[in-house]
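K.L.:
Quick one: structure below, then a few questions.
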Amino acid sequence: MPLQPNIIERYLVNRGSIPGPLMDVAIPAFKFWSMIAAMETGFFEALDGKSCSIEELAEETNCSEEGIENLVKVMEPLGYIKSENGRYELSKAAQRSLPIDLLKDMAPFFKSQMQEYENVAHAIREAPEEGICGWDVVKSGKIGRSYQTTMRWLASTTVDEVVGKIDIPDDAEKMLDVGGSHGLYTLKFCRKYPKLEGTILDWPIGLEEAQTTLDENPDVADRIKLIERDFEQEELPEGHDFAFLGNIIHGIDPEGNRELFQKLSRATTANGTVAILDQVGGVQGSKFARGIAALAGFNLFLFSGGKSYSYNRIKDWFRDAGFTKFDQKKLKQPGFSLVVAQKA
Ligand SMILES: C[S@@+](CC[C@H](N)C(=O)[O-])C[C@H]1O[C@@H](n2cnc3c(N)ncnc32)[C@H](O)[C@@H]1O
């Protein structure tokens, strides 16, 4: 959560009296590592639903009292915890925003990103097509599983809003979730439309994550199947009334997307619907909203040479693939939109 400067501090920051590198390099880095420390040691879990003293926190997390003392000093002004009479508990905002049970598993992915981005200046100089991280890093192993957990958490923050905003015909029977990973979107769509059967398509690492969701939701699991396929290298399965792509097109170059949209056309029925959930370029609004969207776009560029495409560009790919009706719906998270297209 952002450190909140008071009015005088804000004035000093804005006029440059508090040095930029301190605010944008040193402090964010220290913040990042304090969060990783809290995630890895189980600091937030220890405070879940109860208050603790430093000694109790140290014992529960198996950490030194000196280390925990340092961590609480950071987490209090950041707004994650509050203290009373030497006891600490999670703030309301922390309770709302922290996916406590996923934090430990998300840490390896965030840490690996820091290492991968070491060559950031090279990315700016050369703009390598495949970015400076690339998909291979997250396709398997510990980092891959951690990436999938992070995707699960992100989706859990948007799935209700997304599925609430997309209407497909009540008699739609087949949905395809391209790069569906955890499958939370398919699950929610199947709950919203009782006749719908879903197919989640992903690499094996994504399907492992989807299987976890199916195991946890046996009431809907028999309506969802998993299919291992590479959507860039191979054709998509056909005959779907509805296809969903969550955070997929931003990782693919324009030519790859043009091809993918042609595949989507072949994969959907004559009056099929396709919904794209993504960061869509051209964000207007406050500096906060534009800043978050721009930094997220910068991350896509570094990660895989990706970008947030404009609504017009996405519409062009749809039009070329035979879709005729389009709509953009903004989401609460800065920069995120839904683009929904229909063939007829
Ligand atoms: C950014 S995540 C999005 C996950 C999910 N759709 C969401 O919005 O939360 C991208 C997903 O696509 C999968 N993926 C990426 N490239 C792929 C490809 N070429 N073929 C199959 N799956 C791919 C990844 O494994 C990952 O699960």
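What follows is calculated from the coordinates using simple rules that are stated; it is not laboratory data. Not measured: the values here are computed from a predicted model. With ideal geometry, Cβ positions are generated from the backbone for all residues, glycine too; neighbour counts draw on all protein chains shown.
K.L.:
In what sequence, highest mean first, do 71-80, 13-22, 93-102 appear when ranked by Cβ atoms within 10 angstrom?
P.N.:
Details: 71-80: 18.1, 13-22: 10.4, 93-102: 15.0.
Ranked from most to least packed, the peptides come out as 71-80, 93-102, 13-22.
K.L.:
Sticking with this one: Using R₀ = 35 Å, calculate the FRET efficiency as 1/(1 + (r/R₀)^6) where r is the Cβ-Cβ separation of GLU65 and ILE8; round to 0.05.
P.N.:
Efficiency at R0 = 35 Å is approximately 0.50.
K.L.:
How far is helix 103-116 tilted, in degrees, relative to the longest principal axis of the Cα atoms in the chain, given as a value from 0 to 90 rounded to the nearest 10?
P.N.:
Around 90 degrees separate the two axes.
K.L.:
Here's another thing I want to ask about it. Residue-wise, which Karplus ³J(HN,Hα) couplings in Hz belong to segment 183-190, taking 6.51 cos²θ - 1.76 cosθ + 1.60, θ = phi - 60°, and x for glycine or proline?
P.N.:
So the J values, rounded to whole Hz, are x, 4, 5, 4, 4, 5, 5, 5.
K.L.:
Only Lys, Arg, Asp and Glu count, each charged at its Cβ (+1, +1, -1, -1), so figure out the dipole size of segment 33-144 about its Cα centre, rounded to 20 debye.
P.N.:
Approximately 340 debye in magnitude.
K.L.:
May I ask you to derive the FRET efficiency for ALA289 and HIS122 from their Cβ-Cβ distance with R0 = 30 Å, giving the value to the nearest 0.05?
P.N.:
Efficiency at R0 = 30 Å is approximately 0.55.
K.L.:
Another one. On full extension of the chain, what length is gained from PHE298 through THR269, given 0.36 nm per residue of separation minus the C-alpha to C-alpha distance?
P.N.:
6.8 nm
K.L.:
What nm distance separates the two modelled labels at ARG15 and THR157, each placed 7 Å from Cα along Cα→Cβ?
P.N.:
Going from the ARG15 label point to the THR157 one covers 3.5 nm.
K.L.:
Just the Cα atoms of segment 7-98, one point each, no solvent: what log10 I(q)/I(0) does Debye give at q = 0.11, 0.17, 0.22, 0.23 Å⁻¹?
P.N.:
Ignoring solvent entirely, the Cα scatterers give -0.37, -0.76, -1.04, -1.10.
K.L.:
Here is a follow-up. Please list, in order along segment 250-263, the HN-Hα scalar couplings obtained from phi with the Karplus expression 6.51 cos²θ - 1.76 cosθ + 1.60 (θ = phi - 60°), rounded to whole Hz, x for Gly and Pro.
P.N.:
5, x, 10, 6, x, 5, x, 5, 4, 5, 4, 5, 5, 5
K.L.:
According to the Cα gyration tensor, what semi-axes, each the square root of 5 times an eigenvalue, does the equivalent ellipsoid of the chain have, listed from largest to smallest in whole Å? Show your work: numbers first, answer last.
P.N.:
On the way: eigenvalues 290, 121, 71 Å².
Rounded to whole Å, the semi-axes are 38, 25, 19.
K.L.:
Relative to the longest principal axis of the C-alpha atoms of the chain, give the angle of the C-alpha long axis of helix 141-165, reported between 0 and 90° and rounded to the nearest 10°.
P.N.:
Taking the Cα atoms of the chain, the angle to 141-165 is about 70 degrees.
K.L.:
Please work out how much length the chain gains when fully extended from ASP171 to ALA26, using 0.36 nm per residue of separation minus the C-alpha to C-alpha distance, in nm with one decimal.
P.N.:
Details: separation 145, 0.36 × 145 = 52.20 nm, distance 5.50 nm.
Taking 0.36 nm per residue and subtracting the Cα distance, the gain is 46.7 nm.
K.L.:
Between ASP222 and GLU130, what's the calculated FRET efficiency when r is the beta-carbon distance and R0 is 41 Å? Round to 0.05. Walk me through the numbers before you get to the answer.
P.N.:
Values: r = 39 Å, r/R0 = 0.95.
Efficiency, from the Cβ-Cβ distance: 0.60.
K.L.:
Give me, ordered by chain and number, the residues 5 or more places off ILE18 or on other chains with an amide H under 5 Å from its own placed amide H.
P.N.:
Sorted by chain and number, the residues that satisfy this are VAL13.
K.L.:
Within the set LYS139/LYS263; LYS263/LYS332; LYS287/LYS330; LYS195/LYS225, which residue pairs have Cα atoms separated by over 25 Å?
P.N.:
Too far apart for the 25 Å limit: LYS263/LYS332.
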